[in-house]
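The values are calculated or read from the model by the stated rules, or taken from the named source; none is laboratory data. As the structure is a computational prediction, the values presented were derived from the model and not from experiment. Cβ placement follows ideal geometry from the backbone for every residue including glycine, while neighbour counts extend to all protein chains displayed.
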Amino acid sequence: MAPHPTPRRRLSFSRLRYLAVACIFAIITYHYVYQNPALRLGSEPREAAGNSTLGFQKIVVLSEGPSWRTRGLKAAAKYSSIDLDIPIQPPLTNEMTDAFQKMGPTSVPHPRGRGEVKNWLSFLDIIKYIGAQDLESALILEDDVDWDVRIKNSMKLLSDAARKFTVTSKEDRSPYGHSWDLLWIGHCAEPTRNFTRRLLYDDPSAPDPEKYIAPHWFPWSREYVDGLAPGKRSVQRGQHTDCSFAIALSRRGAIKVLKFAGIGEDTQFDTRLKNGCKGNDLSCLVVTPELMHHYVPPKEFGHISTVADANEIGSRVEEEEFEHIMGNTPNILQSARCKALFDSTCPG
Ligand SMILES: *[C@@H]1O[C@H](CO)[C@@H](O)[C@H](O)[C@H]1NC(C)=O
Ligand SMILES: *[C@@H]1O[C@H](CO)[C@@H](O)[C@H](O)[C@H]1NC(C)=O
């Protein structure tokens, strides 16, 4: 008997069609609601601060190429489940660095050496790389940087503190709010005084301020730690921040820094930023003590900064030799590099 479609069968076929349409509608709704962070129910802004890019759209690394710096950094990032983007640095000519060094009137400060200029121009290049991708925010790391193994928890605590300090509204779901051009996460000095407008908050990874290691050219930074204690940090506006170990830029901040620092007129890039923050040309939020600091290879080899190296005052040593000997990271209690490379916390 030939199978003829009965009215009943036709009915179930059109029912099936309705069902398919309903399914597609449900899938689209699900995607719209759950893939849209603004609508995701129950997801606090702080949770994003603990993601693999620490709540920024990307983490980009300023690096001249593979070395002990990047190898240690990659190991630490893998240990902490952090995603890094290490773009290739475009070349700089001596003509360009010399021209940049002389830029601006003679009355303003100028970079001292070729090393400072190269570092400055490399920062501008990586910020252009961020700008070209139109990123919502990006964290720029120098490639010798290090952090505590509890970094994701620290970033979540910073998220709460930064949002509270900047009075971020509930509707703004971004992990650190939008009231900043520059979020200074890794530095080597930032005074905090009783009269500083700030928010003190708890973070178990914060070091003892009595043991704060200040660079020898900023001995005062150890003295201006009013109100800090082991397990306490401050979030505040940038007063006198130095060292650009780790700085995050908002989309707006990247453009402002390109314009403000693109004209030279200071001794080095981080000093230009510091002065931009102090003079309110840039809106800067700073966490102190810092959450990131550079790792220092064992003392007997001396620290070789890329800036010193380019100025030809650095001491070159066999990398393979010291790569297997533990260094340390000032002001970071449980170093992620040391954990990943030596299964140690690195005595500071
Ligand atoms: C981490 O969170 C930020 C802010 O919500 C977001 O832009 C970024 O894409 C997230 N990273 C990942 C890997 O999902
Ligand atoms: C800052 O305030 C604390 C608590 O009120 C006080 O103990 C400390 O002495 C003050 N420090 C300075 C330098 O005034």
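Of note:
- Note on the stretch 156-172: residues that are buried (at least 18 other Cβ atoms within 10 Å of the Cβ) and either over 12 Å from Arg233 (Cα atoms) or acidic (Asp, Glu) (or both) total 7.
- Within the stretch 57-106, the set of residues being within 18 Å of Ile151 (Cα to Cα) and of a type in the set (Gly, Ala, Ser) comprises Gly72, Ala75, Ala76, Ala77, Ser80, Ser81.
- The set of residues from the stretch 241-262 being hydrophobic (A, V, I, L, M, F, W, C) and not in a loop (DSSP other than H, G, I, E, B) comprises Ala246, Ile247, Ala248, Leu249, Ala254, Ile255, Val257, Leu258, Phe260, Ala261.
- Criterion (more than 16 Å from ligand 1 (Cβ to nearest atom) and either in a helix (DSSP H, G or I) or over 25 Å from Lys232 (Cα atoms) (or both)) met by exactly one of Asp134, Asp125, Asp83: Asp125
This table checks each residue for (1) of a type in the set (Phe, Trp, Tyr); (2) modelled with pLDDT of 95 or more.
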residue: Phe260; (1), (2): yes, yes
residue: Asn275; (1), (2): no, yes
residue: Leu291; (1), (2): no, yes
residue: Tyr295; (1), (2): yes, no
residue: Ile304; (1), (2): no, no
residue: Val317; (1), (2): no, no
residue: Arg337; (1), (2): no, yes
residue: Pro347; (1), (2): no, no
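- Flag set for Ser63, criterion: surrounded by 20 or more Cβ atoms within 10 Å (Cβ to Cβ) and either among the hydroxyl-bearing types (Ser, Thr, Tyr) or within 16 Å of ligand 2 (Cβ to nearest atom) (or both).
- Test: residue in the stretch 208-217 that is farther than 22 Å from Tyr295 by Cα, away from ligand 1 (no atom under 16 Å from the Cβ) and in the same structural domain as Trp68 (by TED's automatic domain parsing): no
- If you check Trp120, Trp220 for being away from ligand 1 (no atom under 16 Å from the Cβ), closer than 23 Å to Phe269 by Cβ and modelled with pLDDT of 95 or more, only one passes: Trp120.
- Number of residues in the stretch 132-150 that are buried (at least 23 other Cβ atoms within 10 Å of the Cβ) and farther than 18 Å from Trp120 by Cα equals 4.
- Selected residue [within 16 Å of ligand 2 (Cβ to nearest atom) and of a type in the set (Gly, Ala, Ser)] from Ser234, Ser250: Ser234
- Among the residues of the stretch 161-199, those identified as of a type in the set (A, V, I, L, M) and within 16 Å of ligand 1 (Cβ to nearest atom) are Ala162, Leu183, Ile185.
- Selection of first residues in the stretch 209-230 that are more than 16 Å from ligand 2 (Cβ to nearest atom) and of second residues that are polar (S, T, N, Q), restricted to Cβ pairs under 7 Å at least 6 apart or on distinct chains, gives the following pairs, ordered by first then second residue: Ile213/Asn331; Ala214/Ser221.
- Taking residues in the stretch 187-206 that are aliphatic (A, V, I, L, M), and partners anywhere that are at pLDDT 95 or above and within 16 Å of ligand 1 (Cβ to nearest atom), the pairs with Cβ atoms closer than 9 Å and at least 6 places apart or on different chains are Leu199/Ala162; Ala206/Ser154.
- Qualifying positions in the stretch 223-240 - surrounded by 16 or more Cβ atoms within 10 Å (Cβ to Cβ) and either touching an Asp or Glu at 6+ places or on another chain (Cβ under 6 Å) or not in a strand (DSSP E or B) (or both): Tyr224, Leu228, Arg233, Gly238, Gln239, His240
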